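Coordinate-derived values only; no laboratory data. Small disclaimer: the values here were computed from a predicted structure and weren't measured. Here the Cβ positions follow ideal geometry from the backbone for every residue, glycine too, while neighbour counts run over all protein chains shown.
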């Protein structure tokens, strides 16, 4: 098996017999299983994930790594290079297990019908892997895993229905964030860390699946999640939960939906905030559990045998329901219930909560009566509303469902009818709520007590009323009767709905601000983000334009609110851009102010408006007829626009003859007219003229006579393939003609590469193939190779002499980057030589010369470390006291002695002899 960076040779197989056996097993697996390739990719991701964990119990991989390591290899670099080699036997064994259909069926059955929360919920996975991989400790390590490629595969295996089609494909898909990083990227990162001390840390390659925007968005969501968890103790949020202006509920839901594909560090961060942030059961169940846990904290243990007394009705019923369904719960759910005292024994002795149903109904009816007395109706009690500590909204919804199931209403339902006749209407409750708010507002207006007081949601009243007037005939007769109470009858809806809406909602927030803005500016073409007197008028108008378009698209009629806004500005919703309308309004104002002050119209405009007027004159013919009418109001007519347009350039007499003559002269000299656009011949821009002819030919506007004249000069003057290809072909033809044939010996490297590309991708246009064949270039043609260039001798660099002088003076070649030697930038020059040496392009002569001056001029560890060591050695050799910085550095080397390079250890021991230090003192 070859390892990247080893020159393609087989490395260490003599010391790793398991790898040889694994190759034979891998070949056998590929022959026998149709999913062997996919299973191996999953197994490779799993073993790479295990490799990154560096478990202390692991013994086989370190032994295999040491046995296969070549002599003189850097251990850290070898650990990167040999990852796939060392883990190959376990990868093949795991792939063999995953590819087995019997094993997949066993995993699906072992889940017990539940999706796993951790691998311990599927006992056969950690147990079997520990046995097969000869690692008994594996079972304990894998059992606690809640993330990673193996957990993702197990999760999908249990979730797969029949193992065919899309389910089978999803089973073998490794999430992007869980795929192993390519060795080239890991090795590049290691090399960047090694060179960070001398030349700064180069830009790191972005990981797959990462982006600056996504990372910033996740960091912001995680901060809000920590804030919420610190306050509530969990992340079992509802979908509409918000923290400030941030939609935390939606964010958490999105993370849960893509939990299997999250990077490991993101999943760990969320698990740190809440260990149960991603559960395989209902979040609603989790919230109920937290309520029960809080009750336990405040009031003490539950008494299941007595029916959970002293608990809230819903909490008690939920606890009893868990006891009755205890055997069907997820194993992790049973563990959570055991934490609050509901073990299997306690669940078996549980009794239902004993409450007086009559007393509960009386309490609910009394609460409903108080709510109706305060708010005027029961329709305003939304689903999640709580009134006087009672969940009134949920109870009313339950009673509505009960009404639909019962033929005869019970006594408490008749009491609800007496409280509010429309508590359970046959139409949507949202309709009833809006009607009640409008009726209450109309009553207050008649009593003179509603000026300036607008409840929430009143901005959409005009829209709601318009919908009722438009679809009046489709409404329920009782709805029509209710609308008559606020003044909407059949005659009103058909004859004058706009006047009624304006009368009822004319001082609504949106219309009121629109009226004020139109009076101040003369139009309603506001920008989207315009905020007028604290009201988001721009966004409100944008919503009205959208509603108007949707209404016209669905019904073909006019949106009633449009009439109210059109009375303020006839062009509030134009068919052209609002920016055009704003420019027109500004020009009209300037025109009116100039006419009123005795000015000269719109002559003195700023550059922005002047440019806009010029564009209108230039494109007058493409404008809408209504735009023509608006331009007429500011003095721009068709005649004015035509007069303002610049005259069209006329062709010079004899231009065609001149161009054709220049084209013939160019063709006579070069053999073609595929000239670049920058070509100028005798002062004539031949390249631009030919490009213009090709553009006109592509548009179908070139006359046949001119096209025939150009074709006579060069049949391929306008080829159906890119012009760059034709120009490269002519360069090759010219070079081949001068060299006596197509041979890479006499061609440039660029043309040689171009020929190879054409031969490898021969699916060309037939005309291109004919041109190449005429030069002897075919897919099967063998073109003589260009000999290697002769070795050239270069003069010795002046840096060698300066380096020799510096080494003689200081005893080393570890200067600072800005160090000069006799005016020569020696530090920068040495940095360049180190970069060339690491890239393998530094000459052997230079390497030998510098190594003779200082064996450690290019150390395999960070350059900054070596410079500090030189300072340390110079200080200790002079019997000078160590500065604090060097003392801290020496202490750091002692604390991390085992991670240092052996040569670094030897250098430290050598530098410490002057103080009487020995190797035993330096070792931790």
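Here are the numbers:
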read-out	value
By average C-beta atoms within 10 angstrom, highest first, the peptides 811-823, 573-585, 53-65	573-585, 811-823, 53-65
Taking 157, 367 and counting other C-beta atoms within 10 Å, the order from fewest to most	367, 157
Packing-based ranking, highest mean first, of 474-481, 42-49 given that Cβ atoms within 10 Å are counted	42-49, 474-481
By average C-beta atoms within 10 angstrom, highest first, the peptides 304-311, 565-572	565-572, 304-311
Normalised contact order of the range 653-712, rounded percent, pairs of Cα under 8 Å and 6 or more residues apart	24 percent
